[in-house]
Amino acid sequence: MTEQSIYRHLREFRETLDRPEPFGWPEISHGQMLMMMSPKKQHQLVAHRLRTQLEPQLDDDLVLMLETDMEDANLGILRVPDLVVIDEEEATAAGDSINPLRSHLVIEIVSRSNPGNDYEGKLRDYPAMGVPHYLIIDPRDGSAVHYWAPTRRTGTPTYDNRQHYIFGETITLVGWKIETAVLPRYGEDNGL
């Protein structure tokens, strides 16, 4: 069985699922279906604060979407980014999934339950899919990493550049600014 046929079968199976609580929609990568826990309220608060900062900065032809399928069927990868900035034209195009080549920025918020998914699996998949900018926000330790410029120079898809931040610093990427001082860390005195 080829990797493409495995992907097709997993994709068809995914469509038949009733999403079992407390899981989110499964992702597919390298012949595996990945079940993640649904985002918790602390995770969603970070997503909300990111969204309220970014949306006013976007040009009229761009849209910020939350937890939407992004798929490259040729690679056999389906991911569900926490936040993704795409062209409005892509948001209104036929089909249910985002074309990663029409994305401008993907943001993942690290969960307490599976940090390796963002730092390993998605860091492998997003450059392969052609995502130009990938930002990891980590409320566990109050850090962030911006990856950009996908390349295959080493034979393996990766990002050519990265910049580390700590909460309190301003992240500037693609002409947009994110103030990390307003992003809560998990376990702070505010009940998170």
task: For the range 90-97, indicate whether the set of residues that are under 22 Å from Pro26 (Cβ atoms) and open to solvent by less than 30 Å² (accessible area, probe 1.4 Å) is non-empty.
output: yes
message: Looking for something modelled with pLDDT of 95 or more and under 13 Å from the mean Cα position of the chain (by Cα) - is there at least one such residue anywhere in the range 148-168?
response: no
- request: Kindly indicate which of Leu62, Leu83, Leu50 is out of contact with any Phe, Trp or Tyr (no Cβ under 9 Å at 6 or more places or on another chain) and free of Cβ contacts under 8 Å to residues at least 40 places away in the same chain.
  value: Leu83
- prompt: Under 6 Å by Cβ, and 6 or more places apart or on different chains, what pairs join a residue from the range 171-192 that is closer than 12 Å to Gln57 by Cβ with one that is open to solvent by 60 Å² or more (accessible area, probe 1.4 Å) and at pLDDT 90 or above?
  reply: Trp176/Gln57
statement: Per the filter on the range 37-62, residues open to solvent by 30 Å² or more (accessible area, probe 1.4 Å) and either in contact with a helix residue (DSSP H, G or I) (Cβ under 7 Å, 6 or more places away or on another chain) or assigned to a loop (DSSP other than H, G, I, E, B) (or both) are Pro39, Lys40, Arg49, Asp59, Asp60, Asp61
field: Every residue from the range 123-156 that is in a helix (DSSP H, G or I) and out of contact with any strand residue (DSSP E or B) (no Cβ under 6 Å at 6 or more places or on another chain)
entry: Leu123, Arg124, Ala128
- request: Check the range 103-110 and report whether any residue there is surrounded by fewer than 22 Cβ atoms within 10 Å (Cβ to Cβ), touching a residue at least 12 places away in the same chain (Cβ under 8 Å) and not in a strand (DSSP E or B).
  value: no
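The values are calculated or read from the model by the stated rules, or taken from the named source; none is laboratory data. For clarity, every value in this text was computed on a predicted model and none was experimentally measured. So basically every Cβ, Gly included, is an ideal-geometry build from the backbone, and we count neighbours across all protein chains shown. To get the accessible areas, we keep the full protein, side chains included, count just its heavy atoms, and leave off ligands, DNA and RNA. Shrake-Rupley method; radii C 1.70, N 1.55, O 1.52, S 1.80 Å.
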